[in-house]
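K.L.:
Attaching a single structure in structure tokens format; questions to follow.
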Amino acid sequence: MKLRRIAATVALHTLLVAAAALTLFPLVWMVGVSLMPTGEAMSLPPRLLPSSPTLEHYRTLLERLDLLRYLLASATVALGATLFSVTFNSMAGYALAKLRFAGRQRLERVLLAALVVPGQIGMLPLFLLLREMGLVNTYWGVLVPSMAGIFGIFLVRQYALTIPDALLDAARVDGAGELRIFYSIALPLCRPILVTLAVATFMGAWNDFLWPLIVLTDDRLYTLPVALAGLFGEHVQDPELMMAGAVVTVLPVMLVFLALQRYYIAGMTSGSLKG
Amino acid sequence: MRTRSAAALLLLAPALCLIGLFFFVPMVASLLLSLTDFDIYAVADRSALRFVGLRNYSALLGDSLFWNALRNTLYFVVVGGPLSIAVSLGAALAVHARGVRLKGLFRTVFFLPVTTTIVAVAVVWRYLYHPRFGLLNYALAGVGIGPIDWLGDPDWAMPSIIAMAVWKNFGFNMIVFLAGLQSIPERLYEAASLDGAGRWRQFVHVTLPTLAPTTLFVTLLTAIGYFQLFAEPYVMTQGGPAGSTRSVVLLMYEEGFRWWNIGMAAAVAFVLFAILLGVMLLQAALRRMLSARNETQDADASVGREAARPTQEPA
């Protein structure tokens, strides 16, 4: 019996390690090819690792293909979206959770019903609207749809519900104003979920493709994913260069996730299930 | 109390204004636009705009391009969705299993593809799928399977995109399943094992039923996400070969932003909306059925023990 148990555990671990290797493989290979000298990825038999690692493709991206500009564009958009979404969604989420006002339940019902409606549906009129406002081809235009969102509001709301009312009432008795209570009592208590929201927004904004592709028509303003898709059209025959571009596009988000994953996973799983 | 209402208004205003102006207004406008012939001339001169009733919709229903896009999207949803969910559940069960070491590490590794940018991994996978130099064909040649033109063959293009999507997405649903598994009380397993149920029967009679609401939730999210297929075919195949990977959103993008048939593109968007609405209603109905069943089961189990049960919290 005990032997069987050990055998099962060994088999399970073998399976897990194999699955992990399979999952990591495309990412490891991406890094490997990005370091190969030109032409090495298109040879038979295919190589997994570079014969003599080189950074020449990263240099080409930086010096000839304006990589830094796209990197800055992506950082601007992702950080901007994160800043606005954490600010506006935390304000709204707290108000829904902790302040009584007329029409609150109806408002919650409307927002909940719209929670699962994808933004793609209104994309064309949104584009025309931004065109009227002169925001097409600007980073504001890219930012606008992610500055506040129903998902973010409810993520904060669910968390803020756990703040004891007694704490807020005590502050009221002490004469603190509502905005002050929000700012100096509720916000610090909500910090874990705000980190979750920040990571989720950063990831979403950095990785978004369709919307910046539509709003940004000037290729000097492109974010990394849009620039990468454009480069790919011209440099399909240059896998080493494209892989280097892919590494640069993927790496920042991955690092943010690895640094903050504890908050991100805890927040996403608690919030998403109670919806 | 008055100050609290005022504060609530103040705190809600920015988010609600943004969501109203940039989400709800475009949504309604989209419906209205789909009833017009808004095209490239109307972009320049609004007086060229005409109301055409349901003509866009009838044109759409008679268009083989649209049916083709719908069929491709359904293929992606119906094959890719369950496959994704099965892999997610398998990974969650394996990571959660008793006696597994380094759970956190495995969880992180399986989640990594979720953090990647779809454009970047589409580039990577396109090279993996390369008919001549790709690693996939090289590995298959090792076991005697001839070269397959993964993205160039209309029969293989969509399965190839599905394989990549499963790889990229399964980590997200896995953490949702893991949260569901962790919330199953240990005493349920103890009771089942006292009744003589082995590992497999515990899985079928305890794990699966308790995970049902999680599974339903995951299914809804996955279906909604997968109906919006866009970046994968845009980068990897441009909708080809022979239109075999052109999705509904890709069609909308082409109609709207390549040909500027905005009225038509809005109609495509609304057909997608109607489909998603149907999916959501179906999920809501299933969820009601599920909770009704659980209630009767609970009631059976607790007959005579509990006189007054607390009212169920609204779903």
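K.L.:
Looking at the P(r) of chain B, how many percent of alpha-carbon pairs lie beyond 27 Å?
P.N.:
Cα-Cα pairs in chain B separated by more than 27 Å: 61 percent.
K.L.:
Taking the Cβ-Cβ separation of A:Leu15 and B:Thr3 as r and a Förster radius of 60 Å, what is the calculated FRET efficiency to the nearest 0.05?
P.N.:
0.50
K.L.:
Given the options A:Phe84, A:Phe232, A:Met123, identify the residue whose Cα lies farthest towards the positive end of the charge dipole of the stretch A:66-274 (+1 on Cβ of Lys, Arg; -1 on Cβ of Asp, Glu).
P.N.:
A:Phe84
K.L.:
Under unit Cβ charges (Lys, Arg +1; Asp, Glu -1), what dipole magnitude, rounded to 20 debye, does the protein assembly as shown have relative to its Cα centre?
P.N.:
So the magnitude is around 1740 debye.
K.L.:
Let me ask another. Along each principal axis of its Cα atoms, how long is the stretch A:66-274 end to end? Whole angstroms, biggest number first, please.
P.N.:
68, 40, 30
K.L.:
Follow-up question, since we're still on this one. Based on DSSP H runs of at least 4 residues, each adding -39500 (n - 2.57), what is the mean residue ellipticity at 222 nm of the protein assembly as shown after dividing by all its residues, to the nearest 500 deg cm²/dmol?
P.N.:
Value at 222 nm, helices only, nearest 500: -22000 deg cm²/dmol.
K.L.:
Can I ask one more? Just to verify a number: FRET efficiency for A:Leu49 and A:Ala170, C-beta to C-beta distance, R0 = 60 Å, to 0.05?
P.N.:
Plugging the Cβ-Cβ distance into 1/(1 + (r/R0)^6) gives 0.45.
K.L.:
Turning to a different aspect of this structure: Relative to the first principal axis of the alpha-carbon coordinates of chain A, what is the inclination of helix A:239-274, with its axis defined by its Cα atoms, in degrees from 0 to 90 and to the nearest 10?
P.N.:
The answer is roughly 30 degrees.
K.L.:
Next question, about the same structure. Quick one: angle between helix A:104-114 and the longest Cα principal axis of chain A, in degrees between 0 and 90, rounded to 10, please.
P.N.:
It is inclined by approximately 20 degrees.
K.L.:
Take each uninterrupted DSSP H stretch in chain B, measure its Cα extent along the helix axis, and return the ones at 24 Å or beyond whose mean Kyte-Doolittle hydropathy is at least 0.5.
P.N.:
B:2-19, B:154-182, B:208-227, B:262-301
K.L.:
Sticking with this one: Calculate the spin-label point distance for A:Arg109 paired with B:Leu102, positioning each point 7 Å from the Cα along the beta-carbon direction, and give it in nanometres.
P.N.:
Roughly 5.2 nm, to one decimal.
K.L.:
What is the packing order of peptides B:113-124, B:8-19, A:253-264, taking the mean over residues of other C-beta atoms within 10 Å and listing the highest first?
P.N.:
Going by the mean number of other Cβ atoms within 10 Å, highest first, we get B:113-124, B:8-19, A:253-264.
K.L.:
List B:Thr214, A:Thr201 from most exposed to least, where exposure is judged by having the fewest other Cβ atoms within 10 Å.
P.N.:
Starting with the residue having the fewest Cβ neighbours, the order is B:Thr214, A:Thr201.
K.L.:
Using only Cα atoms, what is the ratio of the radius of gyration of the stretch A:33-83 to 2.2 N^0.38 Å?
P.N.:
1.59
K.L.:
Does a label point 7 Å from the Cα of B:Ala242, set along Cα-to-beta-carbon, have any residues of the stretch B:64-79 with amide nitrogen under 20 Å, and which are they?
P.N.:
B:64-76
K.L.:
Here's something else I'd like to know. In debye, nearest 20, what is the charge dipole magnitude of the stretch A:36-133 about its Cα centre with +1 on Lys and Arg Cβ and -1 on Asp and Glu Cβ, if you could check?
P.N.:
620 debye
K.L.:
Now, a different point. Rounded to whole Å and sorted largest first, list the principal axis extents of the Cα atoms in the protein assembly as shown.
P.N.:
The Cα atoms of the protein assembly as shown stretch 79, 73, 51 Å along their principal axes.
K.L.:
Grab the other residues whose beta carbon is less than 14 angstrom from that of A:Pro37, score K and R as +1, D and E as -1, and report the net.
P.N.:
Net of charged neighbours comes to -2.
K.L.:
Between B:Trp200 and B:Arg46, how many nm apart are label points set 7 Å from Cα along the C-beta direction?
P.N.:
Label at B:Trp200, label at B:Arg46, 6.9 nm between them.
K.L.:
Continuing with this model, one more query. With r as the distance between the Cβ atoms of B:Ala274 and B:Ala212 and R0 = 30 Å, compute the FRET efficiency 1/(1 + (r/R0)^6) and round to 0.05.
P.N.:
The formula returns an efficiency of 0.65 here.
K.L.:
Next question. Does anyone have the angle between helix A:67-98 and the longest principal axis of chain A? Alpha-carbon axes, 0 to 90°, nearest 10?
P.N.:
With rounding to tens, the tilt is 20 degrees.
K.L.:
For the stretch A:168-271, state the average projected area of the convex hull of the C-alpha atoms over all orientations, rounded to one decimal in nm².
P.N.:
So the mean shadow area of the Cα hull is 9.8 nm².
Values quoted throughout were computed directly from the atomic coordinates according to the rules given, and no laboratory measurement underlies them. Here the structure is a predicted model, which is why all the values come from computation and not from measurement. Every residue, glycine among them, receives a Cβ derived from its backbone with ideal geometry; neighbour counts consider all protein chains shown.
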